[in-house]
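Remarks on the structure that follows.
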Amino acid sequence: MKTFDELYLELAEKWRERTLGSGSVDALDKGIHHIGKKLLEEAAETWMAAEYEGAERVAEELSQLLYWSQLVMISVGLTPHDVYSRL
Ligand SMILES: N=c1c2ncn([C@@H]3O[C@H](COP(=O)(O)OP(=O)(O)OP(=O)(O)O)[C@@H](O)[C@H]3O)c2ncn1[C@@H]1O[C@H](COP(=O)(O)O)[C@@H](O)[C@H]1O
């Protein structure tokens with residue numbers, strides 16, 4: 001288990017070091033168009049899970065939505081603080 005901040009630090013470090021074999025680095029290399037489509041896909045899957053599949057599946061899909069949100073943040077140079085400061 002990890003927190004939002006811990007995942008962000010892990011992903012940012014992998015991107016900074018261009019860690020070989022990281023799917024996240026591959027996704028960031030593909031760019032914001034690819035990442036944006038994944039974000040929408042996970043948002044739709046979250047919605048469908050909430051309509052039809054129950055809370056556990058919603059949690060799984062939301063975890064993926066948070067992951068892809070973090071790749072959006074890294075791809076445009078945002079940190080969690082930039083987002084938290086707007087909550
Ligand atoms: N939390 C995640 C995470 N959530 C979602 N995903 C990716 O998001 C995609 C969505 O999966 P789906 O189940 O929706 O789709 P799928 O059909 O299984 O796969 P696709 O056809 O969509 O690729 C998958 O490719 C997952 O690999 C994640 N990939 C990595 N992480 C974490 O990110 C960190 C870095 O991972 P690496 O970059 O792989 O080292 C680690 O802590 C990982 O646990």
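No value in this document is a laboratory result; all are computed from the given coordinates. Here the structure is a predicted model, which is why all the values come from computation and not from measurement. Virtual Cβ from ideal backbone geometry, glycine too; neighbours counted across all protein chains shown.
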Pair list, Cβ < 9 Å and 6+ apart or interchain, from segment 3-25 residues that are without any contact (Cβ under 8 Å) to a residue 40 or more places away in the chain to residues that are outside any helix (DSSP H, G or I) and within 9 Å of the ligand (Cβ to nearest atom) | E10/K2; E13/T19; K14/S22; V25/T19
Out of the residues in segment 28-87 that are touching a residue at least 60 places away in the same chain (Cβ under 8 Å) and in a helix (DSSP H, G or I), state the one that is farthest from the chain's Cα centre (by Cα).
-> P80
Output the number of residues of segment 12-54 satisfying the condition of being touching a Phe, Trp or Tyr at 6+ places or on another chain (Cβ under 8 Å) and of a type in the set (A, V, I, L, M).
-> 4
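Please go through segment 3-26 and pick out each residue that is within 8 Å of the ligand (Cβ to nearest atom) and part of a helix (DSSP H, G or I).
Taking segment 3-26 and keeping what is within 8 Å of the ligand (Cβ to nearest atom), we get 7, 10-11, 14, 19, 21-26.
Within segment 3-26, L7, E10, L11, K14, G23, S24, V25, D26 meet the criteria.
So which residues in segment 29-42 are among the aliphatic types (A, V, I, L, M) and more than 11 Å from the ligand (Cβ to nearest atom), if there are any at all?
I32, L40
Mind checking which residues of segment 4-21 are surrounded by fewer than 17 Cβ atoms within 10 Å (Cβ to Cβ) and of a type outside the set (A, V, I, L, M)?
Pass one, segment 4-21, residues surrounded by fewer than 17 Cβ atoms within 10 Å (Cβ to Cβ): 4-7, 9-10, 12-13, 16-21.
If the condition is that a residue be surrounded by fewer than 17 Cβ atoms within 10 Å (Cβ to Cβ) and of a type outside the set (A, V, I, L, M), then F4, D5, E6, E10, E13, R16, E17, R18, T19, G21 are the ones that fit.
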So, in segment 42-87, of the ones that are within 24 Å of M1 (Cβ to Cβ) and charged (D, E, K, R), which residue ends up surrounded by the fewest Cβ atoms within 10 Å (Cβ to Cβ)?
-> E56
